[in-house]
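Please read the structure below before turning to the comments.
The values are calculated or read from the model by the stated rules, or taken from the named source; none is laboratory data. It should be emphasised that the depicted structure is a prediction, and the values quoted were computed from it without experimental measurement. Cβ placement follows ideal geometry from the backbone for every residue including glycine, while neighbour counts extend to all protein chains displayed.
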Amino acid sequence: MLLRRIYQFLIIYLLGLFLLLVIKYALNLSDYVIPGPVEIWETCRETLPRYFSDVMDTLSVAIIGQFISIVLAISIGVIGRQATWFGSFVKVAAYNFQAYPIVAIAPIVFILLGDGFISRLLIAAMICYFPLLLSVVGIMSEPISDIEHFYRITGRMRWQLEVKIRAFENLSKLTTVIAGSATLAMAGTIVAEFIAANAGIGYSIRIALYQSNLSKILVALFTIGVSLSVYQGMLEMAGYMINKRWKG
């Protein structure tokens, strides 16, 4: 799984880079517009160690933000699974809150909290939270009739048991959703850093953009893709092991 994630990214990245170079030479564009292979290589040698450190900074924020969003989504999913008025209210409120675009709210977050770690973490968690919420609420709200019916008749059904049954029966879906949310958490952190931050790979990309340095942006995209592929591969492996252990 891990190697598959990495080589899939490398194939896509190299195809994109090849297409970019084809456009450069087909239209006879200057190195200022699209850099040549030599300039990209030299930039990679100069900036890769620093960009790798920036990506690790961004990834650490993304991982914490993803964890917070998972806890929130599961909590809302467990409460919103109930058919009571309170469960319906929580579900509707959670759905309606996501009508506000997070990118539009981000400047307010930076004005109130500054451009430090907390702002990056909050925006990453918010961007990652909403897709997770939709999936978790959908999974937790769907009864497993065959199994739950038995426990209800025997009077042994408790809310903890109900949650365990639904989580167990949809374990593969949950692990897939969590692994997929890593991309959103990383994207949310980069967006936060790009808008107004003083650290991370998004901040470095913003500087490269101001310099009109496409080589640095390409190197940054490479480090982001490799790091994210490794992280997602590890999440998928963990999900596979959990599924295998729980389901025997």
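Does Ser215 meet the test of being buried (at least 17 other Cβ atoms within 10 Å of the Cβ) and modelled with pLDDT of 85 or more?
Numbers: buried (at least 17 other Cβ atoms within 10 Å of the Cβ): yes; modelled with pLDDT of 85 or more: yes.
In short, yes.
Against the condition in a helix (DSSP H, G or I), in contact with a Lys or Arg (Cβ under 9 Å, 6 or more places away or on another chain), crowded, with 17+ Cβ neighbours inside 10 Å and hydrophobic (A, V, I, L, M, F, W, C), how does Ala192 come out, does it pass?
Working: in a helix (DSSP H, G or I): yes; in contact with a Lys or Arg (Cβ under 9 Å, 6 or more places away or on another chain): yes; crowded, with 17+ Cβ neighbours inside 10 Å: yes; hydrophobic (A, V, I, L, M, F, W, C): yes.
Judged against the criteria, Ala192 is a match.
Which of the residues spanning the range 1-11 are of a type in the set (Val, Ile, Thr) and in contact (Cβ under 8 Å) with a residue 24 or more places away in the chain?
The answer is Ile6, and nothing else.
Matching residues to (1) modelled with pLDDT of 75 or more; (2) of a type in the set (Phe, Trp, Tyr); (3) surrounded by fewer than 18 Cβ atoms within 10 Å (Cβ to Cβ):
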position: Gly80; (1), (2), (3): no, no, no
position: Ala83; (1), (2), (3): no, no, yes
position: Ser88; (1), (2), (3): no, no, yes
position: Val92; (1), (2), (3): no, no, yes
position: Gln98; (1), (2), (3): no, no, yes
position: Phe117; (1), (2), (3): yes, yes, yes
position: Ala125; (1), (2), (3): yes, no, no
position: Tyr129; (1), (2), (3): yes, yes, no
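I need the full set of residues from the range 21-38 which are surrounded by 15 or more Cβ atoms within 10 Å (Cβ to Cβ) and in contact (Cβ under 8 Å) with a residue 40 or more places away in the chain, in order please.
Ile34, Pro35
Spot the failing condition for Ala199; the list is (1) of a type in the set (A, V, I, L, M); (2) outside any helix (DSSP H, G or I); (3) free of Cβ contacts under 8 Å to residues at least 60 places away in the same chain, and only one is missed.
With respect to (1) of a type in the set (A, V, I, L, M); (2) outside any helix (DSSP H, G or I); (3) free of Cβ contacts under 8 Å to residues at least 60 places away in the same chain, Ala199 is out only on (3).
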